[in-house]
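A.B. asks: Sending over a structure as C-alpha cells; questions will come in a sec.
Where a number appears in this text, it was derived from the coordinates with a stated rule and is not lab data. Model, not experiment: these values are computed from the prediction. Virtual Cβ from ideal backbone geometry, glycine too; neighbours counted across all protein chains shown.
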C-alpha cells in the first residue's frame, strides 16, 4: 500500500510512515529478510520504540533486499524516526537521500519541510512545502503547513491558502483547519468538526485539532493558550503523527 491522497480525511493517518510495497516476482525466501526488517521497523515506530525502529530500517537498507521503491521509503521512514527523536539533522540527511533517488517524491519534501520548520528555518521550510504542494496539489496537509511556514517566515498570504485549498472539500476534515486560518470559522467550530467519524478517526482528528488550533493561537501571540494546546497534542497524538512531533518541537523551542 502506498500513501493514498484520494480522501482528505485519510491523509494525516497514512502519510507519516509509508508502508512497504510487496513487489511481485521480487520477494523470495532469500530476499524477504530486508522487507521483514522494514515492516518490523514500522511496528516499532508505531509503538514509540524509535531506536529499535532505526536499527530495523538500517538493517533493511543494509540487506540489499529492498526494491528501489522500498529503498526510498526506508530512507523516508528512517528520517521520520529521527525526526520523532528530535534529531533533525539526521532526519534531513535521510530525506535528502530519498529526494536524490526520486526528485518527484512529494512526501520527502513535506517531511524535510517539517524538520526545517522545527529547526526554525522557516524560509527553507516554505520552499519544501511549496514543492510538495506543486508535486501533489491534492494534499491538504502540505497546504496547511505551507501557510504556517509562510506566517513564521513573515511572508504569509491568505490568497495563496485560498487558492491552494480551492480544490478541497472543506466540509471534510481537515477543511475546518483551513477555514480557521482563513478566518471563516472559530476554534470551537474546528473542534466540533474534529469529533466526526468513527472512534479512531475522532482520536486522530482531535489530536490534529489541538495542534493546529495551537498554531493558530501562537500566530496571534496567545502563548498561554498555545502552550496548553500543544501539551494536549503531546498527550493525545499517536507516536508517528506529524502533530505529535510538531507539538514537541514547539514546546521545546518556545516554552
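A.B. asks: Angle check, please: helix 33-46 long axis (alpha carbons) against the longest principal axis of the chain (alpha carbons), in degrees 0 to 90, nearest 10.
C.D. replies: So the helix axis and the longest Cα principal axis differ by about 30 degrees.
A.B. asks: Between residue 189 and residue 169, 0.36 nm times their residue separation minus their Cα-Cα distance comes to what? All intermediate terms of the calculation are to be shown ahead of the outcome.
C.D. replies: Details: separation 20, 0.36 × 20 = 7.20 nm, distance 1.63 nm.
Between residue 189 and residue 169, full extension yields 5.6 nm more.
A.B. asks: Sticking with this structure for a sec: Based on the Cβ-Cβ distance from residue 36 to residue 196, what FRET efficiency comes out when R0 is 22 Å, to the nearest 0.05?
C.D. replies: On the way: r = 37 Å, r/R0 = 1.69.
The computed FRET efficiency comes out at 0.05.
A.B. asks: If you rank 57, 17, 255 by fewest surrounding Cβ atoms within 10 Å, what's the result? Write out the running numbers ahead of the final one.
C.D. replies: Numbers: 57 29, 17 23, 255 11.
Ascending number of Cβ neighbours within 10 Å: 255, 17, 57.
A.B. asks: In degrees, nearest 10, range 0 to 90: what is the angle between the Cα axis of helix 199-219 and the longest Cα principal axis of the chain?
C.D. replies: 60 degrees
A.B. asks: Once the piece of chain linking residue 43 and residue 93 is laid out straight, how much longer is it, given 0.36 nm per residue of separation minus the C-alpha distance between them?
C.D. replies: Values: separation 50, 0.36 × 50 = 18.00 nm, distance 2.26 nm.
Going from the current span to full extension adds 15.7 nm.
A.B. asks: State the volume of the convex hull built on the alpha-carbon positions of the range 208-255, expressed per residue in Å³ and rounded to an integer. All intermediate terms of the calculation are to be shown ahead of the outcome.
C.D. replies: Numbers: hull volume 2.7 nm³, N = 48.
Residue-normalised Cα hull volume stands at 56 Å³.
A.B. asks: Here's another thing I want to ask about it. In what sequence, highest mean first, do 152-160, 95-103 appear when ranked by Cβ atoms within 10 angstrom?
C.D. replies: Peptide ranking by packing, descending: 95-103, 152-160.
A.B. asks: A further question on this structure: Roughly what angle does helix 50-63 make with the longest principal axis of the chain, taking Cα atoms, 0 to 90 degrees, to the nearest 10?
C.D. replies: 40 degrees
A.B. asks: If packing is taken as the average number of other Cβ atoms within 10 Å across a peptide's residues, how do 108-120, 59-71 rank, most packed first? Show your work: numbers first, answer last.
C.D. replies: Working: 108-120: 24.3, 59-71: 18.2.
With the highest mean Cβ count within 10 Å placed first, the list reads 108-120, 59-71.
A.B. asks: To continue, here is another question. Would you mind computing, in nm to one decimal, how far apart the modelled labels at residue 253 and residue 222 are, each placed 7 Å from Cα along Cα→Cβ?
C.D. replies: 2.1 nm
A.B. asks: Given the rule -39500 (n - 2.57) for each run of at least 4 DSSP H residues, summed and divided by the residues of the chain, what is its mean residue ellipticity at 222 nm, to the nearest 500 deg cm²/dmol?
C.D. replies: That calculation yields -21500 deg cm²/dmol at 222 nm.
A.B. asks: Need the C-alpha centroid separation for the range 106-164 versus the range 195-220, integer Å.
C.D. replies: 19 Å
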